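Asker: Below you'll find the structure I mean.
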Amino acid sequence: MRLKQGFYQKDAVQAAKDLLGKVIVRKYNDKTIKVKIVETEAYCGAEDKASHAHNNKKTKRTAPMFKKGGHSYIYLIYGMYYCLNVVTAAENNPHAVLIRAVEPLKGLNYIKENRQIKSSKIENLTNGPGKLSQALKINKNLDGCNLIESDFLYIIDTETEEFEIENSPRINIDYAEEYKDKKWRFFIKNNKYISRS
DNA sequence: AGGAGGATGGACT
DNA sequence: GTCCATCCTCCTT
C-alpha cells in the first residue's frame, strides 16, 4: 500500500527510521523498478548545521524542503550525481531524509541498463545516494514531486522480514560542527546493500 | 583494503 | 574561485 500523507508528518529522525524496509517504486517508459530502502540519513530543520536548509535558508535549490512532508527533494551533487531526499514534517519546517542505499527487488535489468560500470557485483549498483539515483533514472524533473500523488515515483509499505536498525554519524558532513557527530544515519543491520559499515 | 586522481556543474562569497 | 549530503578506475600495500 502506498504511504499516505500522515506517514510523512513527522520529524526527519523518526521518518528516517520508519522509511527503512519501505519500497520505492519508480516508473518510466512503461518500465517499473522497485527497491527496498536499507540506509537513510535525517536532516533536521533550521537548527541542523549539516542541512542545506540551515537557518531556514530558502533558495531555488532548497525550496522543496519547505514543502509539506511527502514531497521529493532532489539536488545535483559534485556536478555529476543526483541525491534523492524525502521531505517530512509540516510545511515550512525543512526536514528531509536522504536515501543513501537501496536493495533491488524488481527491474534489475533496467537498473543495470541505467548503471554502466565494470563491476558486475549487484551490491555496487545501488549502495550509495548517487548510485541509486542513477539506477532509478532520478533527475531534476522529479524534484519537488508529490510522492502521494505521483505515478512516476512513490513509496509503498509491504510485508517485510524483521530487521534490526543500527545508527552512526552521517557521511561527509565535516562542515557541520557540533552536528556532525549526531547519529542520524540509520541502516538495516547486516544488509549487504548498505553504502559502508 | 585503501588511497590518489579525475569527472563535472550549480550555488554561493 | 571555492565548496560540495559522490563515484569510478587504477594503483600500491
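We did not get these values from a lab; they are worked out from the coordinates using the rules stated. Keep in mind that this is a model prediction, so the values were computed, not measured. With ideal geometry, Cβ positions are generated from the backbone for all residues, glycine too; neighbour counts draw on all protein chains shown.
Asker: Apply 1/(1 + (r/R0)^6) to the Cβ-Cβ distance of residue A:196 and residue A:175, taking R0 = 30 Å, and write down the FRET efficiency to the nearest 0.05.
Answerer: 0.95
Asker: Sorted by mean Cβ packing within 10 Å, highest first, what order do the peptides A:184-191, A:90-97, A:22-29, A:157-164 take?
Answerer: So the order, starting with the most tightly packed, is A:90-97, A:184-191, A:22-29, A:157-164.
Asker: Could you work out how far the C-alpha centroid of the range A:161-193 sits from that of the range A:19-60, in angstrom?
Answerer: The distance from the Cα centre of the range A:161-193 to that of the range A:19-60 comes to 14 Å.
Asker: Could you work out Rg/(2.2 N^0.38 Å) for the range A:3-53, with Rg from alpha carbons only?
Answerer: Ratio of Cα Rg to 2.2 N^0.38 Å: 1.39.
Asker: What ranking, highest mean first, results for peptides A:138-147, A:173-182 when packing means the other Cβ atoms within 10 Å averaged over each residue?
Answerer: A:138-147, A:173-182
Asker: In the Gaussian network model of chain A, springs joining C-alpha atoms below 10 Å, which of A:183, A:60, A:68 carries the largest mean-square fluctuation?
Answerer: Judging by the Gaussian network model, the answer is A:60.
Asker: If the cut-off is a Cα-Cα distance under 16 Å, which lysines reach residue A:4, setting aside same-chain residues fewer than 8 apart in sequence?
Answerer: A:22, A:67, A:68
Asker: Once all Cα-Cα distances of chain A are split into 5 Å bins that start at 0, what whole-number percent is in each one?
Answerer: Cα pair-distance distribution for chain A, in percent: 1, 8, 17, 22, 23, 16, 9, 3, 0, 0.
Asker: When the helix-only estimate is applied to chain A (DSSP H runs of n ≥ 4, each -39,500 (n - 2.57), divided by the residue count), what is the mean residue ellipticity at 222 nm, nearest 500 deg cm²/dmol?
Answerer: Calculated from helices alone, the mean residue ellipticity at 222 nm is -3000 deg cm²/dmol.
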